[in-house]
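Notes to accompany the following structure.
The values are calculated or read from the model by the stated rules, or taken from the named source; none is laboratory data. Nothing here was measured: the structure is a model prediction, and the numbers come from that model. Reconstructed Cβ throughout: ideal geometry from the backbone, glycine too, with neighbour counts over all protein chains shown.
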Amino acid sequence: MSADMLLEPAIETVTGDASLPTRVDVAVIGGGIVGTAAAYYLAARGLAVALLEKGRVGGEQSGRNWGWCRQQNRDIRELPLMVASMRLWEELGRETGRDLGFERSGLVYVTKDAKELATWEAWIARAQSYQVGSRVIGPAEARALTPGNEQDWIGGVHSPRDGRAEPWLAAPAIAAAARDRGVTLLQNCAVRGLDITAGRVCGVVTERGRIAADAVLCAAGAWASMFCRRHDLDLPQAGVRSTIFRTAPAAKVTPGGLVTPDFTLTRCPDGGYIVAAQDRGRLDITPQGLRYTRQFWPMFRSRRNSLRMGIGRSFFSGPEALAGRWSLDAATPFERHREFAPPPDTAIVAPALARVTRTYTALAGLRAARVWGGWIDSTPDAVPVISVVDRLPGFYLATGFSGHGFGVGPGAGRLAADLVTGDTPLVDPAPFRYARLVDGSPLVPPGMM
Ligand SMILES: Cc1cc2nc3c(=O)[nH]c(=O)nc-3n(C[C@H](O)[C@H](O)[C@H](O)COP(=O)(O)OP(=O)(O)OC[C@H]3O[C@@H](n4cnc5c(N)ncnc54)[C@H](O)[C@@H]3O)c2cc1C
């Protein structure tokens, strides 16, 4: 690891507000891509909204990801929401006049594995009616789309209308735009719990005091399950730790995203690349993970080859540690972890760089500028929860984005806003209902991730 490599992403900061409102129509917990988008769309309907973030906007998953905005290979249950999100990314850029780094720069997947290719082909056949514009490519086209890396690919898929946005910019930009629309943005302001009267949510208790609210939307990412447990709501959620790195600017070998058997490359607006090794993901054993072993077992069995397992710090601290039933009058785990940043596994950097530069001679001397870790929260069927919570009127959830919530974030925030206000939903919300995870319904296994 080079001495000048930084161990954090460079997330843009956004100015917030200083004083707490006493009453709002909707309190949104969590300043990730989903919470910021929900706040923006709620304010667009003239509602008074407080957006409450325990650390800084974009500090957790939404500022630590690859930035892919992808319809290709997405679980079909999420596809209508993703199609709508692609449109909303463009609309948000225009409407807010802010740079989200969104571009339809295309995605290319290439392979030498017939089984993998067959899976992609089957997905494209199923996705036909959604007109996502992806198509299967043969060996010649796969080589033509990977100049400098022409191997004996048997084929792949090309998804020219997919793309990426900039994780370091997007959530902060949407939060700033929400603020322009009147949202009160409070950072370093953890929500300790819900204010509940006669079985109905009537506000939130924050570390700085109470805010009365008619509705509360919990978009707390990896912390949502712990938050819900404090109020006797079960939410099966488990996390995987992942390390990625971003390089210094270098020659352009691909315009957008490229998946090969050895690595994944994403071209960034500054000319650098986000690099992910294909053997990614560490599953830390945690008390919350053990609690939901039964629900996650089928997913674990199907993915165990791409996961490493271990016990680390996250057993004792972080979103999946034991938290007990905390008092709302004293500091909570949320304040103790303003920004949950799992330590990156820096040992992956050198071998991944070697693989990339061995393949692309044009990238000789490629240097990692920043490396960081991220905690990916998942549900047992790898489909998010965007839903009312029937047992607790006034409470809504938008969480569990299972490693692909950045691209779908604008649509998820908009759908959550629709549910809160009772407006016609952007898409059918049925696949995202909370109850499926807790009412004994047989869960549909995860589609492609
Ligand atoms: C390495 C990596 C690569 C990924 N690549 C992609 C990709 O290419 N494309 C894609 O679509 N997705 C990707 N993802 C997944 C994506 O980043 C997430 O699904 C998405 O960002 C989730 O957004 P969110 O708003 O739900 O959660 P988050 O961004 O985690 O936001 C939740 C926020 O809630 C705050 N919070 C929690 N509890 C409280 C509380 N009690 N009070 C106040 N605030 C609270 C947290 O501080 C946090 O900021 C990746 C993730 C990782 C880690």
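Quick check on this structure: which one of T332, T346 is among the polar types (S, T, N, Q), modelled with pLDDT of 85 or more and touching a Ser or Thr at 6+ places or on another chain (Cβ under 8 Å)?
Values: T332 fails: touching a Ser or Thr at 6+ places or on another chain (Cβ under 8 Å).
Matching residue, one of T332, T346: T346.
From the list D423, D418, D377, which one is out of contact with any Asp or Glu (no Cβ under 8 Å at 6 or more places or on another chain), more than 15 Å from the ligand (Cβ to nearest atom) and within 17 Å of E78 (Cα to Cα)?
Within the list D423, D418, D377, the selection yields D418.
Hey, any hits in the range 50-69 for a residue that's modelled with pLDDT under 95, of a type outside the set (A, V, I, L, M, F, W, C), over 15 Å from R179 (Cβ atoms) and within 11 Å of the ligand (Cβ to nearest atom)?
no
Look through the range 330-372, keep the residues that are hydroxyl-bearing (S, T, Y) and not in a helix (DSSP H, G or I), and return whichever of them is farthest from R246 (Cα to Cα).
In this case the residue turns out to be T332.
Of the conditions (1) charged (D, E, K, R); (2) over 16 Å from the mean Cα position of the chain (by Cα); (3) within 7 Å of the ligand (Cβ to nearest atom), E95 fails just one. Which one is it?
(3)
When the range 383-432 is examined, which residues are found to be within 28 Å of R94 (Cβ to Cβ) and charged (D, E, K, R)?
R414, D418, D423, D428
Enumerate the pairs (first residue in the range 11-32 and in contact (Cβ under 8 Å) with a residue 40 or more places away in the chain and at positive phi; second residue anywhere and within 15 Å of the ligand (Cβ to nearest atom) and part of a loop (DSSP other than H, G, I, E, B)) with beta-carbon separation below 6 Å, excluding pairs fewer than 6 apart on the same chain, so at least 6 apart or on different chains.
G30/A219; G30/A220
For the range 383-405, what are the residues that are within 11 Å of the ligand (Cβ to nearest atom), farther than 30 Å from A251 by Cα and of a type outside the set (S, T, Y)?
The answer is P384, V385, I386, L397, A398, G400, F401.
Name the single residue, out of those in the range 19-44 being in a loop (DSSP other than H, G, I, E, B) and either within 8 Å of the ligand (Cβ to nearest atom) or in contact with a helix residue (DSSP H, G or I) (Cβ under 6 Å, 6 or more places away or on another chain) (or both), that is nearest to M82 (Cα to Cα).
G32
Please enumerate the residues belonging to the range 334-359 that are over 21 Å from the mean Cα position of the chain (by Cα) and either near the ligand (Cβ under 10 Å from one of its atoms) or of a type in the set (G, A, S) (or both).
Once the filter is applied, which keeps residues that are over 21 Å from the mean Cα position of the chain (by Cα) and either near the ligand (Cβ under 10 Å from one of its atoms) or of a type in the set (G, A, S) (or both), the range 334-359 yields E335, A347, A350, A352, A354.
In the range 193-214, what residues are crowded, with 16+ Cβ neighbours inside 10 Å, under 17 Å from D390 (Cα atoms) and of a type in the set (A, V, I, L, M, F, W, C)?
Of everything in the range 193-214, those that are crowded, with 16+ Cβ neighbours inside 10 Å, under 17 Å from D390 (Cα atoms) and of a type in the set (A, V, I, L, M, F, W, C) turn out to be L194, I196, V201, C202.
Applying the selection to the range 400-425, what residues are surrounded by fewer than 24 Cβ atoms within 10 Å (Cβ to Cβ) and either touching a Leu at 6+ places or on another chain (Cβ under 9 Å) or over 25 Å from L283 (Cβ atoms) (or both)?
The answer is D418, L419, T421, G422, D423, T424, P425.
When the residues of the range 143-167 are filtered to those that are among the hydrophobic types (A, V, I, L, M, F, W, C) and buried (at least 20 other Cβ atoms within 10 Å of the Cβ), which remaining residue is farthest from L79 (Cα to Cα)?
W153
Condition check ((1) assigned to a helix (DSSP H, G or I); (2) more than 9 Å from the ligand (Cβ to nearest atom); (3) among the aromatic types (F, W, Y)) across all residues:
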{"site": "P172", "(1), (2), (3)": "yes, yes, no"}
{"site": "A175", "(1), (2), (3)": "yes, yes, no"}
{"site": "A178", "(1), (2), (3)": "yes, yes, no"}
{"site": "G193", "(1), (2), (3)": "no, no, no"}
{"site": "H231", "(1), (2), (3)": "no, yes, no"}
{"site": "S242", "(1), (2), (3)": "no, no, no"}
{"site": "R246", "(1), (2), (3)": "no, yes, no"}
{"site": "V253", "(1), (2), (3)": "no, yes, no"}
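What's the number of the only condition in (1) surrounded by 14 or more Cβ atoms within 10 Å (Cβ to Cβ); (2) more than 16 Å from G403 (Cβ to Cβ); (3) touching a residue at least 60 places away in the same chain (Cβ under 8 Å) that A331 fails to meet?
(1)
Restricting attention to the range 250-275, which residues are closer than 21 Å to A10 by Cβ and among the hydroxyl-bearing types (S, T, Y)?
Matches in the range 250-275: T264, T266, Y273.
Looking at (1) away from the ligand (no atom under 14 Å from the Cβ); (2) modelled with pLDDT of 95 or more; (3) charged (D, E, K, R), can you tell me which one R370 breaks?
It fails just one condition, (1).
Any residue in the range 74-86 that is within 13 Å of the ligand (Cβ to nearest atom), touching a residue at least 24 places away in the same chain (Cβ under 8 Å), closer than 25 Å to V201 by Cα and surrounded by fewer than 24 Cβ atoms within 10 Å (Cβ to Cβ)?
Within the range 74-86, the subset within 13 Å of the ligand (Cβ to nearest atom) is 74-75, 78, 81-82, 85-86.
Now drop any that are not touching a residue at least 24 places away in the same chain (Cβ under 8 Å), which leaves 74-75, 78, 81-82, 85-86.
After this cut, where a residue has to be closer than 25 Å to V201 by Cα as well, the list is none.
No, there is no match, as no residue in the range 74-86 is within 13 Å of the ligand (Cβ to nearest atom), touching a residue at least 24 places away in the same chain (Cβ under 8 Å), closer than 25 Å to V201 by Cα and surrounded by fewer than 24 Cβ atoms within 10 Å (Cβ to Cβ).
Check whether at least one residue in the range 169-192 is surrounded by 20 or more Cβ atoms within 10 Å (Cβ to Cβ) and farther than 17 Å from E53 by Cα, and report yes or no.
First, the residues of the range 169-192 that are surrounded by 20 or more Cβ atoms within 10 Å (Cβ to Cβ): 169-179, 183-187, 189-192.
The next check asks that each one be farther than 17 Å from E53 by Cα; those that pass are none.
Scanning the range 169-192, I find no residue that is surrounded by 20 or more Cβ atoms within 10 Å (Cβ to Cβ) and farther than 17 Å from E53 by Cα, so the answer is no.
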